[in-house]
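Taking it in order: structure first as structure tokens, then the write-up.
The values are calculated or read from the model by the stated rules, or taken from the named source; none is laboratory data. None of the values given here were measured: they were computed from a predicted structure. Note that each Cβ is placed from the backbone with ideal geometry, even for glycine, and that neighbours are counted across all protein chains shown.
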Amino acid sequence: MKLIFSIAIFIWLVSLSACYYDKEELLYGNNNSGPCTDSTGIVSYSQKIIPVFQQFCYSCHNSSFPSGNITMGTYTADKAIGLNGKLFGSINHTTGFSPMPKGMAKLNNCHIATIKKWIDQNMPNN
């Protein structure tokens with residue numbers, strides 16, 4: 001009887017763990033507002049990129065206080081660091097780039113993928 005009870009408890013515990021989402025983008029989404037960027041559409045600068053930059057970048061990289069001589073906060077400035085490779089290299093923590101955001105954990109995979117997709121789409125101002 002103890003064996004049957006133990007097996008039943010084990011099966012119940014295993015079934016509970018099967019319901020757990022282990023994909024970061026399903027747990028947290030992009031800015032906690034849903035799943036990661038859709039894989040087919042154009043990434044919106046105003047709706048997807050600016051909110052991430054506001055949360056993680058603009059407080060240190062603005063025209064009043066351009067940390068590391070990097071100014072962000074306008075489409076032109078944001079596109080310039082996307083074009084020169086510093087944006088992706090830094091947020092991806094690529095060797096040879098200063099890891100950003102400074103003193104914080106790396107952006108989640110969804111944020112990085114969204115920014116990368118925007119860069120790959122030639123950084124539209126939309």
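Looking at the structure I just gave you, is G89 surrounded by fewer than 13 Cβ atoms within 10 Å (Cβ to Cβ) and of a type outside the set (V, I, T)? Before you say what the answer is, go through the steps one by one.
On the way: surrounded by fewer than 13 Cβ atoms within 10 Å (Cβ to Cβ): no; of a type outside the set (V, I, T): yes.
The answer is no for G89.
Would the range 105-120 turn up any residue that is touching a Gly at 6+ places or on another chain (Cβ under 9 Å) and among the basic types (K, R)?
no
Taking the range 49-73 as the region of interest, how many residues are within 17 Å of the chain's Cα centre (by Cα) and not in a loop (DSSP other than H, G, I, E, B)?
Qualifying residue count, the range 49-73: 8.
For S46, which of the numbered conditions (1) surrounded by fewer than 13 Cβ atoms within 10 Å (Cβ to Cβ); (2) in contact (Cβ under 8 Å) with a residue 24 or more places away in the chain; (3) in contact with a Gly (Cβ under 8 Å, 6 or more places away or on another chain) fails to hold?
So S46 meets the others, but not (3).
Considering G103, G41, G34, which residue is at pLDDT below 95, part of a loop (DSSP other than H, G, I, E, B) and at negative phi?
Just one listed residue meets the conditions, G41.
Within the range 101-126, restricting attention to residues that are more than 11 Å from F53 (Cβ to Cβ) and among the aliphatic types (A, V, I, L, M), which residue is surrounded by the most Cβ atoms within 10 Å (Cβ to Cβ)?
M123
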